[in-house]
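The values are calculated or read from the model by the stated rules, or taken from the named source; none is laboratory data. These numbers come from a predicted model, not from an experiment. Positions of Cβ are generated from backbone atoms using ideal geometry, with glycine treated the same way; all protein chains shown enter the neighbour counts. Calculation scope for accessible area: heavy atoms of the full protein, side chains included, ligands and nucleic acids excluded. Shrake-Rupley method; radii C 1.70, N 1.55, O 1.52, S 1.80 Å.
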Amino acid sequence: MNANHEIIKKVCDILMDGSVAEAKEIIQKQYPFTPLLRNARQYSEYKKTKVFCRDGFIDRYSGEKMVFPPVLRLLSNIMPIEFPFHKNWKMSECHLAYWQLLPTIDHVIPVTRGGEDKASNWVCTSQLRNSIKSSWLLKEVGWKLHKPGDVKEWDGLLNWFMSYIDMHPEAKDDKYINSWHRAAKRAIKEFA
């Protein structure tokens, strides 16, 4: 990637000499256009929870700790003024923690760049870093892949969430929280 500016310089120099055909040929051979495909992905809460647990609730792009998603929503339900949530994540009405601490799944090698859509290419990352990385390769954004954490050392408050729900089962009236609770019950069996 670092030499790509040299290709553009070469093409510009050739264009100064008036050879559009030669410039086109260089671009086609040395820096061809490759369209990025947009593939919407939808992962179940269960699959996400498995990846979050596997990675120890660590943002694999920064090494920072993440929090199990329904914990944040539960906080918003309990403290809507102090810890607001907006269904469309409107930045003026949604706590910043939803971008910084809420984990999601990302493809290390984006599917749009030939990566496979399977668990071996999935990592836990924050919403913030997921949106920054988008369809880029790690080397293109200057990032590295951090080692996964140990879910026994940091569980993203998953066990706290399960204990809180046991004490306050009415919290499951929220469909989002209930869905994550069911996913956590399944995933915990695999990581116990």
Whichever residue in region 134-186 is touching a Ser or Thr at 6+ places or on another chain (Cβ under 7 Å) and outside any loop (DSSP other than H, G, I, E, B) and, among such residues, is farthest from Gly56 (Cα to Cα): Ala183
Qualifying positions in region 111-136 - more than 13 Å from the chain's Cα centre (by Cα), open to solvent by less than 50 Å² (accessible area, probe 1.4 Å) and either free of Cβ contacts under 8 Å to residues at least 60 places away in the same chain or under 14 Å from Glu64 (Cβ atoms) (or both): Gly115
Which numbered condition Ile165 misses (of (1) open to solvent by less than 20 Å² (accessible area, probe 1.4 Å); (2) within 18 Å of Val51 (Cα to Cα)): (2)
Meets criteria (more than 16 Å from the chain's Cα centre (by Cα), basic (Lys, Arg), farther than 24 Å from Trp122 by Cα and surrounded by 12 or more Cβ atoms within 10 Å (Cβ to Cβ)) for Lys24: yes
Top-ranked residue of region 75-96 - restricted to ones that are more than 20 Å from Tyr164 (Cα to Cα) and among the aliphatic types (A, V, I, L, M), ranked as surrounded by the most Cβ atoms within 10 Å (Cβ to Cβ): Met91
Filter pass, Lys185 being basic (Lys, Arg) and without any contact (Cβ under 8 Å) to a residue 40 or more places away in the chain: yes
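Going through region 139-162 one residue at a time, which ones are more than 22 Å from Arg129 (Cα to Cα) and loosely packed, with under 12 Cβ neighbours inside 10 Å? Full working, then the answer.
Of all residues in region 139-162, those more than 22 Å from Arg129 (Cα to Cα) come to 152-153, 159-162.
Matches in region 139-162: Lys152, Glu153.
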